[in-house]
Amino acid sequence: MEKLYEGKAKIVYSYEEPDKVVIHFKDETTAFNAQKRDLLEGKGILNNRISSIIFELLNRNGIPTHFIRQLSDREMLAYHTRIIPVEVVVRNLATGSIMKRLGIPERTEFNPSLIEFYLKNDALGDPIICYEHVIAMNLATDEDIREIKEISLKVNSLLRNFLKDKGISLIDFKLEFGKTSSGKIMVADEISPDTCRFWDLKTEERMDKDRFRLDLGDTTKFYKEVLKRIEG
């Protein structure tokens, strides 16, 4: 397979059918715009499986995703899309960067849930942008943004309820979107503890990449716990 793209956590390869790609999940872990790096053995296997389960859930409920099926421990088959260079963050409770930017106390509830846009650009540190920036920079159309916001809120509602039943609180998460050659918008990339903040519903123990960011330890242990709960 020809390597089409390699990022911090995944490699994308061509597939025998040109409208599809193979996504390989790596064990490399980064934080703070890749200033902090490490290798967490088995993390790619866990994120591939967790993402596959969540994408299957979204597909079953009519939310379009690039996911087709899981191929192996580390690989999934997905539709080939052109990634829209806008990362969408949905926040249910305040934590992380928004506290520093706006002085909002941790655990402040956003009702309705807050949607933020970030420019997908590692060199610039993925800066926060507004709707007008998206349009002015020709990153997406007005229709694209309306559809992306609608899909993001549907994902949030579905995933919050699903995880609550598993004893997990969905604090916030990042989504990326891609467009197929026919122009259909789909949820792409991954949905995992790397891209979501998962807290234990009762103890508020962090079960996501914040364990790596904040040097809390046992990162893969908690990724395994997330997988155990959503598989169960």
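The values are calculated or read from the model by the stated rules, or taken from the named source; none is laboratory data. Model, not experiment: these values are computed from the prediction. Methodologically, a virtual Cβ is constructed for each residue, glycine included, from the backbone with ideal geometry; neighbour enumeration extends over all protein chains shown.
So for segment 125-134 (the condition being on the phi < 0 side of the Ramachandran plot, outside any loop (DSSP other than H, G, I, E, B) and within 14 Å of the chain's Cα centre (by Cα)), does at least one residue qualify? Within segment 125-134 (the criterion being on the phi < 0 side of the Ramachandran plot, outside any loop (DSSP other than H, G, I, E, B) and within 14 Å of the chain's Cα centre (by Cα)), the answer is no, since none of the residues qualifies.
Yes/no per residue for (1) under 15 Å from the mean Cα position of the chain (by Cα); (2) among the charged types (D, E, K, R):
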position	(1), (2)
N156	yes, no
D172	yes, yes
T180	no, no
G183	no, no
M186	yes, no
C196	yes, no
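Filtering segment 70-86 for residues that are touching an Asp or Glu at 6+ places or on another chain (Cβ under 6 Å) and under 30 Å from D218 (Cβ atoms) leaves an empty set. Cβ-Cβ contacts under 6 Å between residues 6 or more apart (or on different chains), taken from a first residue in segment 143-166 that is more than 15 Å from V90 (Cα to Cα) to a second residue that is in a helix (DSSP H, G or I) and aliphatic (A, V, I, L, M), are listed as K166/I230.
For N92, the stated conditions do not hold, so it cannot be described as free of Cβ contacts under 8 Å to residues at least 60 places away in the same chain, within 27 Å of K154 (Cβ to Cβ) and of a type outside the set (G, A, S).
Could you check segment 190-231 and list, in sequence order, the residues that are polar (S, T, N, Q), part of a loop (DSSP other than H, G, I, E, B) and surrounded by fewer than 20 Cβ atoms within 10 Å (Cβ to Cβ)? Within segment 190-231, T203 is the sole residue that qualifies. Of the strands (runs of 3 or more DSSP E) lying entirely inside segment 16-68, those containing at least 3 residues that are under 28 Å from G125 (Cα atoms) and in contact (Cβ under 8 Å) with a residue 24 or more places away in the chain are 20-25.
The requirement of being surrounded by fewer than 19 Cβ atoms within 10 Å (Cβ to Cβ), closer than 16 Å to I50 by Cβ and outside the structural domain of H66 (by TED's automatic domain parsing) is fulfilled somewhere in segment 138-158, by at least one residue. Within segment 1-30, restricting attention to residues that are over 26 Å from F162 (Cβ atoms) and among the small types (G, A, S), which residue is nearest to the chain's Cα centre (by Cα)? Checked segment 1-30; the qualifying residue nearest to the chain's Cα centre (by Cα) is G7.
Considering only segment 30-65, state which residues are among the hydroxyl-bearing types (S, T, Y) and modelled with pLDDT of 95 or more.
S51, S52, T65
For segment 152-189, the set of residues classified as of a type in the set (A, V, I, L, M, F, W, C) and in a strand (DSSP E or B) consists of I168, L170, I171, F173, L175, F177, I185, M186, V187, A188, listed by residue number. Looking at the structure I just gave you, is R206 closer than 12 Å to L163 by Cβ and at pLDDT 95 or above? So R206 fails the test. Taken as a whole, segment 170-181 holds at least one residue that is more than 28 Å from N111 (Cα to Cα), surrounded by fewer than 13 Cβ atoms within 10 Å (Cβ to Cβ) and in the same structural domain as I128 (by TED's automatic domain parsing).
Just one of the numbered conditions (1) out of contact with any helix residue (DSSP H, G or I) (no Cβ under 6 Å at 6 or more places or on another chain); (2) within 26 Å of V21 (Cβ to Cβ) is not true of P193; which one? (1) is the only condition that P193 fails. Among T65, T95, which is the only one that is closer than 21 Å to L227 by Cα, touching a helix residue (DSSP H, G or I) at 6+ places or on another chain (Cβ under 9 Å) and crowded, with 17+ Cβ neighbours inside 10 Å? Within the list T65, T95, the selection yields T65.
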